[in-house]
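The values are calculated or read from the model by the stated rules, or taken from the named source; none is laboratory data. Fair warning: this is a prediction, and the values are worked out from it, not measured in the lab. Every residue, glycine among them, receives a Cβ derived from its backbone with ideal geometry; neighbour counts consider all protein chains shown. Heads up: the accessible areas ignore ligands, DNA and RNA and are worked out on the full protein's heavy atoms, side chains in. Shrake-Rupley method; radii C 1.70, N 1.55, O 1.52, S 1.80 Å.
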Amino acid sequence: MTPTEPATRPAAVPAAAVRPPLPVKLVVAGGFGVGKTTTVGSISEIEPLTTEAAITEVAAGVDDLSHTPAKSTTTVAMDFGCLTIDPTLKLYLFGTPGQDRFGFMWDDLVEGAVGALVIVDTRRLDDCYAAVDYFEHKEIPFAVAVNAFDGTVEHTLDEVRWALDVAEEVPVVVFDARERGSVRDALLVVLELALARTEA
């Protein structure tokens with residue numbers, strides 16, 4: 001290179017494009033007071049969005065509070081939270097209202113969901129029949145999660161499966177809606193189920 005020739009620099013290597021994580025929508029469903037809002041709140045990495053309203057005397061006459069006497073609020077639209085699984089995957093959680101009178105919202109909340117976690121209180125299994133029927137009818141993969149209120153459940157998982165009459169391929173698990181790790185494990189069951197359905 002002569003003194004009059006300009007120096008050449010190596011071409012800059014472009015930085016690898018960083019892709020945002022893939023958004024995946026899951027639904028948390030079940031009857032009144034089974035722990036849907038608690039589940040979303042326990043796992044969400046953001047302050048969860050909730051639509052809680054006070055239970056009035058009129059509502060108390062409609063909703064069964066015998067197993068949840070300390071419950072003073074109820075979800076009237078939805079709960080929302082999110083969880084980053086890894087740099088490639090982010091879960092968006094939508095909790096449904098539990099009362100039948102808010103059932104008209106479900107189709108909108110479930111739109112685009114790849115799977116659902118149906119939460120069950122074994123003290124009142126009949127409260128979750130509607131949710132199980134809904135996801136079976138919509139052919140959306142779901143798992144049944146028995147919430148261990150006070151750390152115990154009143155029926156075995158086989159008894160729960162029989163009572164709900166769910167297919168063998170539907171996972172039935174026990175979890176604690178108050179514990180982040182337990183909620184994570186239950187959601188991963190749903191996620192694996194949805195991925196298996198996609199690959200099939």
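Yes/no matrix, rows are residues, columns are (1) modelled with pLDDT of 95 or more; (2) under 20 Å from the mean Cα position of the chain (by Cα); (3) surrounded by fewer than 20 Cβ atoms within 10 Å (Cβ to Cβ):
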residue	(1), (2), (3)
G30	no, yes, no
K36	no, yes, no
L49	no, yes, yes
T56	no, no, yes
H67	no, no, yes
L93	yes, yes, no
P97	no, yes, no
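Considering V189, V166, V170, the condition of being over 26 Å from S44 (Cα atoms), crowded, with 16+ Cβ neighbours inside 10 Å and β-branched (V, I, T) is satisfied by V166 alone.
Per-residue answers, yes or no, for (1) of a type outside the set (V, I, T); (2) open to solvent by 40 Å² or more (accessible area, probe 1.4 Å); (3) at pLDDT below 90; (4) in contact with a strand residue (DSSP E or B) (Cβ under 8 Å, 6 or more places away or on another chain):
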residue	(1), (2), (3), (4)
D64	yes, yes, yes, no
F80	yes, yes, no, yes
L109	yes, no, yes, yes
V132	no, no, no, yes
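For region 179-193, the count of residues that are in contact (Cβ under 8 Å) with a residue 12 or more places away in the chain and over 21 Å from T37 (Cβ atoms) is at least one. Among all residues of region 111-124, there is at least one that is assigned to a strand (DSSP E or B), closer than 17 Å to T39 by Cβ and among the small types (G, A, S).
Filtered by the rule that a residue be open to solvent by 20 Å² or more (accessible area, probe 1.4 Å), within 17 Å of V189 (Cα to Cα) and assigned to a loop (DSSP other than H, G, I, E, B), region 140-161 gives a lone residue, I140.
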